[in-house]
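Each remark here refers to the structure printed beneath this line.
The values are calculated or read from the model by the stated rules, or taken from the named source; none is laboratory data. Just so it is clear, the model here is predicted, and its values are computed rather than measured. As a convention, Cβ positions derive from the backbone with ideal geometry for all residues, glycine included, and neighbour counts pool all protein chains shown.
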Amino acid sequence: MQKIQHYDIAIIGLGITGLSTAHHLGTNNDLRICMSSDEEAEAPSTSTLSANMITGGLIDNFTRIAQRHGPEKAQAAWAYSHHAYDAVLAFAKSHKIETKEGARIRLIETEDELTECKKAVDQLNAAGFKSRMETPPASSKVLLGQQIDEAKAAFIDHQKLLDVLKESTRRHAHIGKTLTVTRESQYFKVASEHEMIHAEVVIYANHLGVRKSIPGLAEALVSSQDQWQRMKSKNGKLPFPVGSLLTWRHGHYWAHIEAEDQICMGGARFIRPLAGFEAEQAELSDKIAKHLPEAWAKYFPDLPLSAAFESKAGLDIRPCDEIPVIGPMFGETGVFLAAGYMGQGLSLGFKAGQSLAKIVLGKSDELPRFFWPERLRSLAAVSTEE
Ligand SMILES: Cc1cc2nc3c(=O)[nH]c(=O)nc-3n(C[C@H](O)[C@H](O)[C@H](O)COP(=O)(O)OP(=O)(O)OC[C@H]3O[C@@H](n4cnc5c(N)ncnc54)[C@H](O)[C@@H]3O)c2cc1C
């Protein structure tokens with residue numbers, strides 16, 4: 001009979017979160033690590049669908065986070081996301097992964113937004129971050145201004161990032177899709193389709209799969225759909241630096257300047273019923289595909305875009321309180337998870353992997369305690385286990 005292999009750590013899911021966790025655990029020590037991936041998954045890893053952008057701060061403006069969670073937590077969340085941005089950018093640079101740093105720009109269309117952005121600029125500067133108001137680009141007749149946050153937005157070759165992480169973690173053992181995880185007294189039994197292993201620690205990095213793996217969090221991790229498309233400017237150069245992330249209408253639209261004359265534009269997820277909340281599968285919507293270039297034309301009529309030459313739709317996770325869920329699972333010694341980055345997984349997922357690795361190794365990290373799953377404890381009681 002084949003001997004059951006015993007590992008220190010099992011990591012379930014090999015998108016940016018799982019790969020980063022394995023990379024950061026594996027660099028400095030001799031831990032025995034086993035990685036589990038669902039190679040025959042119907043949906044591709046969300047990380048492979050991303051739109052090549054990394055950014056600090058959060059997509060929603062600082063004012064909104066401060067209003068919902070208080071100024072101290074907003075400051076901590078912002079700082080963590082800035083650390084995430086810095087960490088992935090530094091990693092990319094040291095591994096010759098292409099990046100282009102731009103600006104983080106919030107375009108302002110209405111008087112309400114103008115009032116909110118002015119307040120956000122004051123709050124951000126008071127909290128130690130840099131933000132300023134500027135006049136709108138001359139090419140827009142509609143916009144009232146732009147809020148430019150600290151220069152933390154960049155293009156990143158996400159596929160190369162994933163490939164480098166895969167290469168650096170190749171030496172660890174791999175099993176297929178995890179079917180069950182059961183606790184024995186001293187370890188976990190992790191069963192895949194083909195084999196069973198034992199592990200002291202289990203790290204869930206399986207994105208929406210966490211809802212099934214940890215039913216107590218199913219209510220908290222809400223799926224939502226995002227869709228983007230690549231388009232070229234018909235009139236050449238766009239009036240924003242390459243690498244910039246534009247958001248407007250409170251994140252209803254986002255556009256990433258991928259090249260001087262190319263954007264990757266997405267969003268419009270609040271067009272009901274296409275928002276895709278609680279969706280099981282992502283679908284490209286013709287309505288959103290048609291709407292996005294029309295929306296751009298409203299703001300920049302002199303910068304028309306050509307037809308989309310590539311489009312992707314995927315499911316992301318919006319935690320019910322819109323704060324990522326990263327850290328040790330409450331009431332479950334030896335179980336850790338990270339999910340729910342709301343469109344910022346390339347940086348927050350990378351950093352989450354680093355944070356989990358440090359916590360497991362007993363090192364200190366910038367991860368705010370209120371990111372831990374324990375804040376969602378009350379939802380476990382109303383879990384929707386099937
Ligand atoms: C359309 C779209 C565009 C986006 N663009 C960006 C962007 O430009 N920048 C950015 O920062 N973020 C972006 N995001 C968000 C980002 O892609 C995600 O937050 C991030 O990829 C999540 O990474 P992850 O590793 O947690 O999950 P995933 O990459 O989904 O990895 C989880 C893995 O776990 C596997 N798995 C599931 N169940 C099991 C099991 N039982 N056993 C083994 N493996 C299992 C899955 O097959 C999957 O491969 C975008 C999201 C979408 C939907």
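Residue under question is LEU19, and the condition is that it be within 17 Å of the chain's Cα centre (by Cα), part of a helix (DSSP H, G or I) and touching a residue at least 60 places away in the same chain (Cβ under 8 Å); does it hold? Yes: the conditions hold for LEU19.
Rundown of residues vs (1) in contact with a strand residue (DSSP E or B) (Cβ under 9 Å, 6 or more places away or on another chain); (2) of a type in the set (A, V, I, L, M, F, W, C); (3) closer than 19 Å to GLY18 by Cα; (4) at pLDDT below 95, yes/no style:
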{"site": "ALA151", "(1), (2), (3), (4)": "yes, yes, no, yes"}
{"site": "GLN159", "(1), (2), (3), (4)": "no, no, yes, no"}
{"site": "GLU167", "(1), (2), (3), (4)": "no, no, yes, no"}
{"site": "GLY176", "(1), (2), (3), (4)": "yes, no, yes, yes"}
{"site": "GLU184", "(1), (2), (3), (4)": "yes, no, no, yes"}
{"site": "LYS212", "(1), (2), (3), (4)": "no, no, yes, yes"}
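Of note, HIS172 does not satisfy the criterion of being within 11 Å of the ligand (Cβ to nearest atom) and surrounded by 18 or more Cβ atoms within 10 Å (Cβ to Cβ).
Restricting to segment 180-197, name every residue that is within 11 Å of ILE12 (Cβ to Cβ) and hydrophobic (A, V, I, L, M, F, W, C). Result: VAL181, PHE188, VAL190. A Cβ distance below 7 Å, combined with a sequence gap of six or more or placement on separate chains, defines the contacts here; from segment 175-196, residues that are without any contact (Cβ under 8 Å) to a residue 60 or more places away in the chain reach residues that are part of a loop (DSSP other than H, G, I, E, B) in the pairs LEU179/GLU193; GLU193/GLY176; GLU193/LYS177; HIS194/GLY176.
Of the residues that sit in segment 318-353 and are outside any helix (DSSP H, G or I) and within 7 Å of the ligand (Cβ to nearest atom), which one is farthest from the chain's Cα centre (by Cα)?
Looking only at segment 318-353, we keep the residues that are outside any helix (DSSP H, G or I), and these are 318-344.
With within 7 Å of the ligand (Cβ to nearest atom) added as a condition, the list becomes 338-339, 341, 343-344.
On the way: ALA338: 10, ALA339: 8, TYR341: 4, GLY343: 4, GLN344: 3 Å.
Looking at the filtered set, the residue picked out is ALA338.
A residue that is at pLDDT below 90, more than 19 Å from TRP78 (Cα to Cα) and surrounded by fewer than 24 Cβ atoms within 10 Å (Cβ to Cβ) cannot be found anywhere in segment 354-362.
Within segment 79-90, residues that are in contact (Cβ under 8 Å) with a residue 40 or more places away in the chain and within 17 Å of LEU161 (Cα to Cα) have Cβ atoms under 6 Å from residues that are assigned to a helix (DSSP H, G or I) and basic (Lys, Arg) in these pairs: ALA84/LYS351; ALA87/LYS351, counting only partners at least 6 apart in sequence or on another chain.
So that you can scan it fast, the table gives a plain yes or no per residue for (1) outside the structural domain of GLU113 (by TED's automatic domain parsing); (2) closer than 27 Å to ILE214 by Cβ; (3) surrounded by 18 or more Cβ atoms within 10 Å (Cβ to Cβ):
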position	(1), (2), (3)
LEU14	yes, yes, yes
THR17	yes, yes, yes
THR27	yes, no, no
CYS34	yes, yes, yes
GLU39	yes, yes, no
ARG64	no, no, no
GLN75	no, no, yes
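Quick check, is THR27 under 30 Å from PHE129 (Cα atoms) and either within 16 Å of the ligand (Cβ to nearest atom) or out of contact with any Cys (no Cβ under 7 Å at 6 or more places or on another chain) (or both)? So THR27 does not fit the description; no. Would you confirm, using the coordinates I've provided, whether ILE65 is under 25 Å from ASP157 (Cα atoms) and either among the hydroxyl-bearing types (Ser, Thr, Tyr) or under 19 Å from the mean Cα position of the chain (by Cα) (or both)? Considered against the rule, which asks whether it is under 25 Å from ASP157 (Cα atoms) and either among the hydroxyl-bearing types (Ser, Thr, Tyr) or under 19 Å from the mean Cα position of the chain (by Cα) (or both), ILE65 comes out as no. Pairs are defined by a Cβ separation below 6 Å, a sequence spacing of at least 6 or placement on different chains, a first member in segment 27-50 that is touching a residue at least 60 places away in the same chain (Cβ under 8 Å), and a second member that is in a loop (DSSP other than H, G, I, E, B) and surrounded by fewer than 15 Cβ atoms within 10 Å (Cβ to Cβ); no pair meets this definition.
When the criteria are applied in full, SER285 meets the requirement of being hydroxyl-bearing (Ser, Thr, Tyr), within 16 Å of the ligand (Cβ to nearest atom) and either out of contact with any Phe, Trp or Tyr (no Cβ under 8 Å at 6 or more places or on another chain) or at pLDDT below 90 (or both). Got at least one residue in segment 55-62 being under 21 Å from LEU356 (Cβ atoms), surrounded by fewer than 23 Cβ atoms within 10 Å (Cβ to Cβ) and in contact (Cβ under 8 Å) with a residue 12 or more places away in the chain? No, segment 55-62 contains no residue that is under 21 Å from LEU356 (Cβ atoms), surrounded by fewer than 23 Cβ atoms within 10 Å (Cβ to Cβ) and in contact (Cβ under 8 Å) with a residue 12 or more places away in the chain. Only a single criterion out of (1) touching a Pro at 6+ places or on another chain (Cβ under 6 Å); (2) free of Cβ contacts under 8 Å to residues at least 12 places away in the same chain is not satisfied by ALA126, namely (1).
If I ask for residues that are away from the ligand (no atom under 16 Å from the Cβ), part of a loop (DSSP other than H, G, I, E, B) and not aromatic (Phe, Trp, Tyr), which ones from segment 298-317 would you list? The answer is PRO301, ASP302, LEU303, PRO304, SER306, ALA307.
Within segment 39-61, restricting attention to residues that are assigned to a loop (DSSP other than H, G, I, E, B) and touching a Ser or Thr at 6+ places or on another chain (Cβ under 8 Å), which residue is nearest to PHE309 (Cα to Cα)? Show your work before the answer.
Narrowing segment 39-61 to residues assigned to a loop (DSSP other than H, G, I, E, B): 39-45, 50-52, 56-61.
Those still in the list that are touching a Ser or Thr at 6+ places or on another chain (Cβ under 8 Å) too: 56-59.
Numbers: GLY56: 28, GLY57: 30, LEU58: 28, ILE59: 26 Å.
For segment 39-61, the residue satisfying everything is ILE59.
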